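The values are calculated or read from the model by the stated rules, or taken from the named source; none is laboratory data. Predicted, not measured: the structure shown is a model, and the values here were computed from it. Every residue, glycine among them, receives a Cβ derived from its backbone with ideal geometry; neighbour counts consider all protein chains shown.
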Amino acid sequence: MLKKIVISVLFASSLLFAKVSVDYSVNFVGISMDYKEYKDGVLLDSESSGYADLIGAEFKYKYKMQEDSSSDYNDITFTVMALGGDTKYKGSYIGSNLGYGSLVSTTSNKIYDFDLDFAHVYQQAANYKVIVSLGLGYRFWRRELSAQQIEDYKWYSLRPSVAFSYDYKDLKITPEFEYQYGVRPRMSASGFNEEFKLGAANIMEFSLPIEYTINQKFSLYGAYIYQYQKIRESNVVYDDSGSGYLEPQSKAYNEYIKFGIVFKY
């Protein structure tokens, strides 16, 4: 009992003698999507978009805590991103056997991504840092291929990452690599009472954010993100007529651009 009290007092003391700061940022986001589905190595269908076709916003809240006696510090960051727009679909009608490209249409998309990230920042030099973090995330993607065919992909994820931050005058450049390991990936579709259990849903991501400091209260922010997503084939699910279907394997090569403003307190 005494040991717990001592630990609690030490933790409270560390908070009292810590420097605390908060950042808010609001960013515009555009995504160039290149998504393809395969069965036994054969291309079945694809979705594609330009940066202006699928757009949205990102809100980020960062809490920074640093002890007076240390140059290292910890960050807790919560991020919400919401995107919407159209992609160009190329594929075929289910069961038509006409092959890829026999059907061209437009798909309406909604993408939501949530991330809670815990990071430790190692101050290597006055203008150089190494950042190691672990995030907990949730991703939701709705594909409205038609009024009768709506597919919802959703999964949780563990998101370890490593980044290197370099300051040059008023510029901060922070290349980062992140791996998102999907937990309980599922897909639900119109006409099916049971969800498709996806074999996996993992993402590898490289990002290059750049921040330009205007003054102590504001910064301009821009970033390029390259993302490789792979979803593995699902189990077989049966519709009301007894016909069995599965969600095929897919790969996506997505590129994001972000720009906005950071408010510092």
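Summary table below
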| item | result |
| --- | --- |
| Residue, farthest from residue 233 (Cα to Cα), within the range 46-72, restricted to residues that are at pLDDT 95 or above and acidic (Asp, Glu) | 58 |
| Evaluation of residue 170 against (1) surrounded by 15 or more Cβ atoms within 10 Å (Cβ to Cβ); (2) out of contact with any Lys or Arg (no Cβ under 9 Å at 6 or more places or on another chain); (3) among the charged types (D, E, K, R) (one fails), failing number | (1) |
| Positions within the range 61-74 being part of a strand (DSSP E or B) and in contact with a Phe, Trp or Tyr (Cβ under 7 Å, 6 or more places away or on another chain), in sequence order | 61, 64, 65, 66, 67 |
| Residue satisfying all of: in the range 78-105; of a type in the set (Gly, Ala, Ser) and more than 30 Å from the chain's Cα centre (by Cα); farthest from residue 159 (Cα to Cα) among these | 96 |
| Unmet criterion (only one of (1) surrounded by fewer than 17 Cβ atoms within 10 Å (Cβ to Cβ); (2) of a type outside the set (Ser, Thr, Tyr); (3) farther than 30 Å from residue 61 by Cβ) for residue 214 | (3) |
| Answer from 72, 113 - the residue that is of a type outside the set (Phe, Trp, Tyr), under 18 Å from the mean Cα position of the chain (by Cα) and within 27 Å of residue 160 (Cα to Cα) | 113 |
| Where a residue in the range 34-60 is of a type in the set (Ser, Thr, Tyr) and its partner, wherever it lies, is surrounded by 14 or more Cβ atoms within 10 Å (Cβ to Cβ) and not in a strand (DSSP E or B), with Cβ under 7 Å and at least six apart | 38/248; 48/33; 49/33 |
| Checklist (1) free of Cβ contacts under 8 Å to residues at least 24 places away in the same chain; (2) among the aromatic types (Phe, Trp, Tyr); (3) part of a strand (DSSP E or B) applied to residue 93, failing item | (3) |
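To keep it simple, each residue is scored yes or no on (1) over 30 Å from residue 70 (Cα atoms); (2) buried (at least 16 other Cβ atoms within 10 Å of the Cβ).
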{"residue": "91", "(1), (2)": "yes, yes"}
{"residue": "127", "(1), (2)": "no, no"}
{"residue": "136", "(1), (2)": "no, no"}
{"residue": "146", "(1), (2)": "yes, no"}
